[in-house]
1. Place a label point 7 angstrom from the Cα of residue B:84 along the Cα-to-Cβ direction, then list the residues of the range B:7-33 whose backbone nitrogen is under 20 Å away.
2. Of the peptides A:774-786, A:276-288, A:212-224, how do they stack up when ordered by the mean number of other Cβ atoms within 10 Å, highest first?
3. Can you give the average number of partner chain beta-carbon atoms within 10 Å of each beta-carbon in peptide B:59-65, as a whole number?
4. Once both labels are modelled 7 Å past Cα along the beta-carbon direction, what's the residue A:478-residue A:386 spacing in nm?
5. Taking chain A as the reference, fit the longest principal axis to its C-alpha atoms, fit the long axis of helix A:550-559 to the helix C-alpha atoms, and give the angle between the two in degrees, 0 to 90, nearest 10.
6. Using alpha-carbon positions, what is the distance between the centroids of the range B:257-284 and the range B:17-71, in Å?
7. Taking the highest mean first, how do the peptides B:46-56, A:329-339, A:291-301, A:363-373 order by number of other beta carbon atoms within 10 angstrom per residue?
8. Considering only B:339, B:73, B:172, give the residue with the highest GNM mean-square fluctuation for chain B, with springs between Cα atoms whenever their separation is below 10 Å.
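Every read-out reported here was derived from the displayed coordinates using simple, explicitly stated rules and does not represent laboratory data. Just so you know, these numbers come straight off a predicted model, no measurement behind them. In this analysis, Cβ positions are derived from the backbone assuming ideal geometry, glycine residues included, and neighbour counts consider all displayed protein chains.
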């Protein structure tokens, strides 16, 4: 919403300066978007007289002018064809900043002649594209008169943001009313609203199809007929105001409707009455009916759109735009006026459907003062008769749906109990009445009648806002909000594992990334048949919710190659989505690793990240979140993310805690990745059970004094036997004394039988009550050998 | 009778030795089976009890003295030898080590950690909810009417629901407020950080972003408390004592009164400094919970009231950490992630341990 300061002052009697007004606007919720005060930019430029204009000695098209400005006489070289002796123009002195070209003017030498200052064109001043010659001003202006005064640019232009609830402030009068409530001025009488009697009956009548339950769609329309008007260019003051707010002056009749739209927030339409056949009617459009609108577009209407029609054709789309065929031109002699009301939702739907925005739609969508149907006609009458002459008919109107007044009681203590600030009852009343509310004072309450132009006000909370925003949010005092009472649990166990795991993973050397929750369906369908599709994706390759976080992270592999980064460890903690999941989503900490483990160092193994490298990271992460990793059991993975033979799920109880392994080469191939990538996925919620600590006390340390013993065994087992089965079997022999079972060598190859492998196991034994005797050790060793041999078809290697 | 040897001489002899072998010769001379001291010891038996005692002590003393001198000098010679050896063992320690990569926490996470820490100290609990939401939780319960522009396909992502109705990708984390109010009774004091989605993509908007919202519902929370909470938060978050701010009226369907908060900033050499200056930066939206929202969530608005606030985590991150390109936050440029990321040990607690 744009307006000029002088325009505002038509409605607001105030002696406050621009800065005060601007600050107040923001403080009351009419946030300043911009303030354009040209008086500062143009201060240096004044009227000057050309005393002499002679040909340049060395250039045919240039003239050497002697210019008299308020500061003296200067020699100016000028290329404008209209520069001549005796004219008056606008002089830019040396060192002034030229707004149109954005350069600082310096003394120069043009083909051997010194030039001090410049006579400027409109384009150089940045006020139009005109550059055929220099500006000529009327000789009546004295030398030294300010440029801004001659061109009426000394009226600051203010632009404010209007929140969607404040349709009433899409008018300059509404803005003035809000400002007056703060006490920085008083609201003037509205000079446009005057009852002017008509002298004849209108030959055109308004009709509407909307009655009964549908009447709210178009609650009413009013207007009147003007005969023998003279349409012409608007007067200068009107043109200047429209130009200042970015509107193009067209003709007096059209400019009047635009002016009233901004001045009073009342959109209007004027029809060339001679181009209307019969009466005008508000009705729903018929299917496939067309309307040629003012912007010269043919609009195809649908059955839910309100249109204005005569006996023959459509003349406009209700609340949005008039028709081209009956638009007013400079030849228009007779005019018919429309002042209508429309349902905001209907206008919104129509506007969206047609993709058509207009000043009228903008206002109808946000709600228009229902009483404006009458005063709108009055304001238009006054302006049309004042500017275009002619005669007005008696007003005509359809039946008008009665506007129900909104009334309720307001407890004046609410300002304190909700707003936290004391505002006296008198002040509360003053503010409300200034804003147009009717206030009936009782003991602790006001009975409030809401003005017709404030459909946004529905209850006490709205009144608190009205009073507080005018009183000033800055007047609300500060309180002590530190809470010394209960110590809440800040994070649930689920959230603790969700957030804490980020630190654990980063601590293992992974960089955290954040990627979209969406991905390309073409890739997603390799991973899941139950992906959740987005109906209106932002782009075709982000059209499904990610069923796994791995493909998004894999983008890093090729993306960073050009920077010679060929290895990486990356992770993200976030949701994955699938129809098959309970709640359709689950949080996963996903990590990928690829390339050389320790960079290409002279001293390092040239080994790439493999399953056991990522498994080692995974176990460290799980351990740092208190997961009892000794209790993990292995289970094969059923999805297509991983290499079927080089991956596993890890389970504790009923929960899959994590997956890990080498990624499926088919997936990698579809992403054009040629190297091996390994990955883990940790289902963070399943770790919640390990996060709650009831007490920080630890159990006593068992400082067992007896000698620990180690024994090594080497077995030949079939290749299919899983190492952890052997380890678990051995542990089960005696959980108390068998401290640790580790595998220190695995061999498959030429020296042993085909379908076999050799596994070397070290068992650590810890006596509990006294040092082991040789016999005891022998005994346990034999048990170990026996159980492995019988359980796994193993043989002992000697 | 006294010994015919002088301990000082022996010491000298030992200390003059150049090799372990030479020492061994001397050691044998005095301490070997046939050495001086054992020979003398054998003679003790022939002496009187008194003399035996005196002589015995003398011999033992001398024995210990020689043993110590031998050992000391042996160590000296061995160490000398080792030193000689070490001189020839030098390696080029400037050769590069095996570089271990340090992982990093993403700036968005770091920001969320900070926010949780600050509001945690004010006794807020953290809540979370699903990204795919019902229309009711995301819009209707929050007093956003059916024709509101935010519901347009161009603003909100829709996904199919099994029962034919559309679900949305939540456009804010407010639906978690609705869920919390529906499942628990006041007093409520929560913050909700999380992923949010809007159909927007340009240099300052991404289709996915993060928000944190706060909700307090009890019998007496006021706008003064709201304002104080937010000022306290922003001072802590930006680690500044003086915060020039502006609390101005605004409009949101779910709050009444509604406000937006601006903070002052200065820009020097392309770096924003928050807290002072003549320019304003919008940083958050807030207000008193609209009674209609409370009623929609089965909370009696004649008894309970409260406030809510919401802010964009990307913006907070960018301001705090000097990140200029928003899209970098969602990219997989490993150099970027390393540059802007935080050490996992960079804890946002007061003591930083």
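1. B:14-26
2. Order by mean packing, descending: A:212-224, A:276-288, A:774-786.
3. Working: counts 0, 0, 0, 0, 0, 0, 0.
For this peptide, the per-residue mean of nearby foreign Cβ atoms is 0.
4. In this crude spin-label approximation the distance works out to 5.1 nm.
5. 80
6. About 91 Å separates the Cα centre of the range B:257-284 from the one of the range B:17-71.
7. Working: B:46-56: 11.7, A:329-339: 20.5, A:291-301: 16.4, A:363-373: 22.3.
Top to bottom by mean Cβ count within 10 Å: A:363-373, A:329-339, A:291-301, B:46-56.
8. Looking only at B:339, B:73, B:172, the biggest GNM fluctuation is shown by B:73.
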